[in-house]
Amino acid sequence: MVTSTRCVVAGGGPGGVVLAYLLARAGVPVTLLEARGDFDRRFRGDALAPPVLDLLDLLGLADPLLAAVPHGTADAFVWSTPTRSYRLADYRRASAKYPYYALVPQGRFLPFMVEQAARHPAFRLELGARVTALTRDDAGRVAGLEYSRDGQRHRLSADLVVGADGRNSKVRLLSSITATELGAHLDICWVEVPRRADDPALSGLELLAEPGATLAVLGQAASWQLGYTIPAGTFPALRATGIGQVAAALRRRLPWLGDRLDGLTDVNQLSLLPVRITSVDRWSEPGLLLVGDAAHVISPVGGNGLNFALLDAVEAANRLVGPLSADPVDPAEVDAATAAVEAARRPQVDREQVAQKRVEEGAARRLQTADPRPPLVLRLLAGVPGVARLVAWRGARALQAPPVNPRILHPSA
Ligand SMILES: Cc1cc2nc3c(=O)[nH]c(=O)nc-3n(C[C@H](O)[C@H](O)[C@H](O)COP(=O)(O)OP(=O)(O)OC[C@H]3O[C@@H](n4cnc5c(N)ncnc54)[C@H](O)[C@@H]3O)c2cc1C
């Protein structure tokens with residue numbers, strides 16, 4: 001079966017779903033292909049930053065999302081050693097309406113966004129549709145793709161193929177774009193325990209460091225998501241020694257979890273996130289664009305993988321809505337728009353990756369030493385009144401979305 005569309009988006013993660021929603025909202029025919037049969041997923045980037053919540057608000061989505069989906073909120077990032085806490089970022093002034101990170105599980109965020117997209121007739125979704133090949137025209141321009149679903153091969157031609165298929169992007173592999181691993185020094189093992197009403201009031205984004213161990217504590221709506229940091233590639237060694245050291249670190253630093261840790265008996269209960277920082281030589285080639293993790297894996301430092309994917313989606317939709325609405329579509333205009341997406345987004349991504357590498361290297365070094373404190377400069381700054389708010393404000397500015405194209409905001413105007 002051969003069909004055609006204006007834009008086909010491969011991958012129904014946050015980047016792909018939001019891009020498809022925005023294009024459909026503007027009336028651009030778009031097909032979203034997701035390899036999995038559902039949007040159920042756990043332990044993914046799910047912290048929506050204050051400016052990204054502002055962006056969703058502009059689109060009329062933030063309040064309905066937060067009303068529909070139970071979520072945690074984090075108004076600060078706190079780094080604690082066994083003896084002292086440092087409030088390194090304070091988000092209480094980072095947005096007038098949403099002065100916090102909202103921890104909205106992707107397993108709920110994605111279906112919510114798909115439901116919004118499905119209100120627009122230009123949107124089409126195929127679940128269980130795995131992209132297997134790119135198709136090209138005689139000049140070598142990407143002209144569509146092939147995918148398998150229900151054991152059958154399908155072909156879809158499109159004026160633009162977007163690879164939003166994550167860190168191991170098949171679309172990227174099939175393209176002429178090459179990826180480079182910038183190196184990462186840590187991996188994270190995640191586990192979740194129920195949250196109770198009388199638990200201590202943590203900020204929602206906490207790092208608990210002690211000599212030889214670092215824990216991340218994320219306050220989800222009904223659970224605590226706990227991350228145990230290990231040197232990159234050492235999960236097999238952890239598997240061999242057993243879960244004892246992880247459970248012991250959790251008991252030491254979070255004794256109030258009490259019997260909730262009793263069930264933690266098997267390494268297989270941990271969900272491993274191999275941290276990666278990946279850069280590509282370019283985000284596009286004629287007829288094709290990469291967004292989100294497909295274009296740039298960033299580490300969980302800062303918790304912004306989701307936010308970066310959403311900002312890519314907005315930038316891409318802004319630039320593409322004009323060219324993809326034209327009749328006929330001018331391929332040169334489409335390619336100019338995809339190049340402009342990279343030009344607009346890449347500097348921020350590159351800066352973030354450089355900063356993350358530095359932070360990660362420091363964290364890995366600290367894991368080997370007896371000093372669990374934040375770097376000296378952060379310790380000094382944490383003591384200065386107002387600095388934590390300034391840090392959060394600067395972080396929010398860096399995640400500021402571009403003005404949304406009026407053709408998306410007010411499609412019928
Ligand atoms: C296992 C894992 C754990 C993570 N944990 C954290 C974390 O703890 N903290 C944090 O900040 N960030 C985390 N991240 C990163 C964060 O989730 C991502 O940065 C964010 O989801 C990026 O969104 P995306 O849309 O670019 O890609 P993804 O969310 O990866 O979505 C890609 C989608 O493409 C689909 N797909 C893949 N191949 C194909 C194909 N051939 N055809 C069709 N569809 C395909 C996948 O099923 C998936 O739904 C994690 C990522 C992963 C993969």
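Would you list the strands (runs of 3 or more DSSP E) that sit entirely within region 152-255 and hold 2 or more residues that are in contact (Cβ under 8 Å) with a residue 24 or more places away in the chain and farther than 30 Å from Ala122 by Cα? Steps first, answer last, please.
Details: elements: 152-163, 179-181, 186-194, 204-210, 213-219, 223-231.
Here the list reads 179-181, 186-194, 204-210, 213-219, 223-231.
Take Arg42 and decide whether it is part of a loop (DSSP other than H, G, I, E, B) and either away from the ligand (no atom under 12 Å from the Cβ) or surrounded by fewer than 20 Cβ atoms within 10 Å (Cβ to Cβ) (or both).
Numbers: part of a loop (DSSP other than H, G, I, E, B): yes; either away from the ligand (no atom under 12 Å from the Cβ) or surrounded by fewer than 20 Cβ atoms within 10 Å (Cβ to Cβ) (or both): yes.
Judged against the criteria, Arg42 is a match.
Only one of Glu333, Glu285 is modelled with pLDDT of 95 or more and open to solvent by 30 Å² or more (accessible area, probe 1.4 Å); which?
On the way: Glu285 fails: open to solvent by 30 Å² or more (accessible area, probe 1.4 Å).
Selected residue: Glu333, the only one of Glu333, Glu285 that is modelled with pLDDT of 95 or more and open to solvent by 30 Å² or more (accessible area, probe 1.4 Å).
For region 288-305, what are the residues that are within 8 Å of the ligand (Cβ to nearest atom), outside any loop (DSSP other than H, G, I, E, B) and open to solvent by less than 10 Å² (accessible area, probe 1.4 Å)?
Correct list: Gly292, Ala294, Val297.
Among the numbered criteria (1) under 13 Å from Glu285 (Cβ atoms); (2) basic (Lys, Arg); (3) within 26 Å of the chain's Cα centre (by Cα), which single criterion is violated by Arg136?
(3)
When you scan region 19-39, how many residues do you find that are within 11 Å of the ligand (Cβ to nearest atom) and open to solvent by 10 Å² or more (accessible area, probe 1.4 Å)?
Matching residues across region 19-39 total 6.
Residue by residue through region 312-323, note down the ones that are out of contact with any Lys or Arg (no Cβ under 7 Å at 6 or more places or on another chain), more than 9 Å from the ligand (Cβ to nearest atom) and open to solvent by less than 10 Å² (accessible area, probe 1.4 Å).
Val314, Ala316, Ala317, Leu320
With the condition kept exactly as written, say whether any residue in region 58-70 is buried (at least 24 other Cβ atoms within 10 Å of the Cβ), in contact (Cβ under 8 Å) with a residue 24 or more places away in the chain and under 21 Å from the mean Cα position of the chain (by Cα).
Going residue by residue through region 58-70, those that are buried (at least 24 other Cβ atoms within 10 Å of the Cβ) are none.
No: region 58-70 contains no residue that is buried (at least 24 other Cβ atoms within 10 Å of the Cβ), in contact (Cβ under 8 Å) with a residue 24 or more places away in the chain and under 21 Å from the mean Cα position of the chain (by Cα).
Based on this model, can you work out whether Arg92 counts as within 27 Å of Ala370 (Cβ to Cβ) and either open to solvent by 30 Å² or more (accessible area, probe 1.4 Å) or small (Gly, Ala, Ser) (or both)? If you could, list the steps in order and put the result at the bottom.
Details: within 27 Å of Ala370 (Cβ to Cβ): no; either open to solvent by 30 Å² or more (accessible area, probe 1.4 Å) or small (Gly, Ala, Ser) (or both): yes.
So Arg92 fails the test.
Taking region 123-172 only, how many residues are within 9 Å of the ligand (Cβ to nearest atom) and open to solvent by 60 Å² or more (accessible area, probe 1.4 Å)?
Residues in region 123-172 being within 9 Å of the ligand (Cβ to nearest atom) and open to solvent by 60 Å² or more (accessible area, probe 1.4 Å): 3 in total.
For Leu270, indicate whether it is within 16 Å of the ligand (Cβ to nearest atom), closer than 19 Å to Pro231 by Cα and open to solvent by less than 60 Å² (accessible area, probe 1.4 Å).
On the way: within 16 Å of the ligand (Cβ to nearest atom): yes; closer than 19 Å to Pro231 by Cα: yes; open to solvent by less than 60 Å² (accessible area, probe 1.4 Å): yes.
Criteria met by Leu270.
On the given criteria, is Leu22 in contact with a Lys or Arg (Cβ under 8 Å, 6 or more places away or on another chain) and either at positive phi or not hydroxyl-bearing (Ser, Thr, Tyr) (or both)? Spell out how you get there, then give the answer.
Numbers: in contact with a Lys or Arg (Cβ under 8 Å, 6 or more places away or on another chain): no; either at positive phi or not hydroxyl-bearing (Ser, Thr, Tyr) (or both): yes.
For Leu22, the condition - in contact with a Lys or Arg (Cβ under 8 Å, 6 or more places away or on another chain) and either at positive phi or not hydroxyl-bearing (Ser, Thr, Tyr) (or both) - is not met.
The values are calculated or read from the model by the stated rules, or taken from the named source; none is laboratory data. Keep in mind the model is a prediction, meaning the values are calculated, not measured. Using ideal geometry, Cβ is built from the backbone for each residue, glycine included, and neighbour counts are taken over all protein chains shown. Accessible surface areas use protein heavy atoms only, side chains included; no ligands, DNA or RNA. Shrake-Rupley method; radii C 1.70, N 1.55, O 1.52, S 1.80 Å.
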